[in-house]
1. Under a Cβ-only charge scheme (Lys and Arg +1, Asp and Glu -1), can you give me the dipole magnitude of the chain about the Cα centre, in debye to the nearest 20?
2. Which helices, counted as full DSSP H runs in the chain, have an axial Cα extent of no less than 20 Å and a Kyte-Doolittle average of 0.5 or above?
3. At a 1.4 Å probe radius, carbon and sulfur cover how many percent of the accessible area of the chain?
4. How much length is gained if the chain between TYR233 and ASP90 is pulled fully straight, taking 0.36 nm per residue apart and subtracting their Cα-Cα distance, in nm to one decimal?
5. Can you tell me the relative contact order of the chain? Whole percent, Cα pairs under 8 Å, sequence separation 6 or more.
6. By what distance, in whole Å, do the Cα atoms of region 244-388 stretch along each of the three principal axes, largest value first?
7. Just in region 38-130: which trypsin sites (Lys or Arg not before Pro) are loop by DSSP and have at most 12 other Cβ atoms within 10 Å?
8. If you average the alpha carbon positions of region 134-202 and of region 235-265, how far apart do those two centres end up, in angstrom?
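The values are calculated or read from the model by the stated rules, or taken from the named source; none is laboratory data. These numbers were taken from a predicted model, which means no experiment stands behind them. FYI the Cβ positions are ideal-geometry reconstructions off the backbone, even for glycines, and counts take in every protein chain you see. Quick note on the areas: whole protein, heavy atoms, side chains included, nothing else; ligands and nucleic acids left out. Shrake-Rupley method; radii C 1.70, N 1.55, O 1.52, S 1.80 Å.
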Amino acid sequence: MNRETDRTARVRGIVRRNGAFIGHAVADVISISGAVGLGQLLAFMAAPLLTRLYSPESLGHFALLNALVNILLPLVVLRLNMALPLPQQDAVARELLVLCLAVVAVSVPTLTLLGTLAQPVLAGWMDVSAADVWLLAAALTVTGLHETALSWLVRHRAFAQVAGVRFVTLLGVAGCQTAFGLLHPHASSLLLGYAAGYALGFLRGLWSFRRDVLPGFRGVTLDRLRRLAVEYYRFPLISTPSSMVSAVSSQIPSLVLPSLYGLAVTGQWSLAQRVLWQPASLVGQAVNHVFWGNAARLQTEDPKRLWQLFLCLNAGLFALMTPGLVLVWFGGELFGLVFGANWEQAGTFAGVILLSHVVGLGAHGTESLHIYRLNHWMAGWEAARLLLVTGALAAAWRLELSALGCVAGLTLAQVVANVGLFTLNAVAIRRIRARAEPAGARTAPQPSPTR
């Protein structure tokens, strides 16, 4: 009983001592989530119209094209945007921003050329047309610029501007996909609407830091850019392959499900993922931006507070997702009512997939291994998750499982992977905290015996 009382008192003491700091972090999350929440609400209101404009086959084809965008995106900026919060001097950060923009200018034409050469092969396997290749190039360009703009705003902890960018992006994607669907309800219209929405979001971000771009270009030299590339080599060499493996492990169902069950089932899977992504995008990414911005500072200034913030955010995100468990029992009926009778299977899928989101929201929201310079840990985790997801798909094919059985296997693989990601980040922060402790605190002198 005394032990429980001491533990409760200790927790209350932590909250009392760090209440202002945690409250400030939560306020940053809310400032992002508020605007993004409105954008998500408007996008969600457009979803029933989209499901009545586009068929499951069209949504399945778009899911395949969108998977290619997410897989190739790390190659567009080579993850150098993730390094923008790290430089201590703003002048160095501006030069790094210029390097990010230069990489985008070189990588997208290269990928477009390779895609054009590979299009005949892709057409036979994935039904990717020549027009799709050019639409993919446009989507990759604006998405890469969009990610760079967000990273720059996070560096300056301009979370209100981050919220504005995400609001414009969400609303732009939903609005453009709806408008293009009224004219031509095909997968290409969905991809074009996606690219247009991200372009609007990037322009909103560019307006926020337009004064920072031109000073970065003045006086910059190729030799200086080369030195920056060498200094932050871990991001292209480790984080980029890691991110691609991550994208493959999360997007491979959209690439493989058409071969196993057809585009219609892939469209049902895509809608289930899209609906569950709403709370993850609303809160999870907002938490990630805030935690990421604070982790870069706290790992050197106050590792103990970093650990406390990590635990508080994970507990809050886990509790936030639990009401969604209602989909386990009523997912099919709810989806049929909201999105139309053709989409009841998506609701059944969502009731299963939700279990991985309950675990994964906190794990991904507080993931900052690249900030702790443990990129190789993240690479190892990405490889392990890819093996788990690939194993689930292989088992579904080998055992000739139903579509629902395949979804259950994929969910189990993601749950195991997300628990592992949480554990890696917890261990990393504990190591940082242990190194920061004074040697005397770790080896406190023993009191001398009294006679």
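1. 1920
2. In the chain, the long hydrophobic H runs are 56-77, 90-126, 130-155, 159-183, 187-208, 240-261, 303-321, 344-365, 403-436.
3. In the chain, the share of accessible area belonging to carbon and sulfur is 66 percent.
4. Numbers: separation 143, 0.36 × 143 = 51.48 nm, distance 1.96 nm.
Taking 0.36 nm per residue and subtracting the Cα distance, the gain is 49.5 nm.
5. On the way: 613 pairs, mean separation 91.2, N = 451.
It comes to 20 percent, rounded to a whole number.
6. 55, 31, 19
7. none
8. Region 134-202 and region 235-265 have Cα centres separated by 20 Å.
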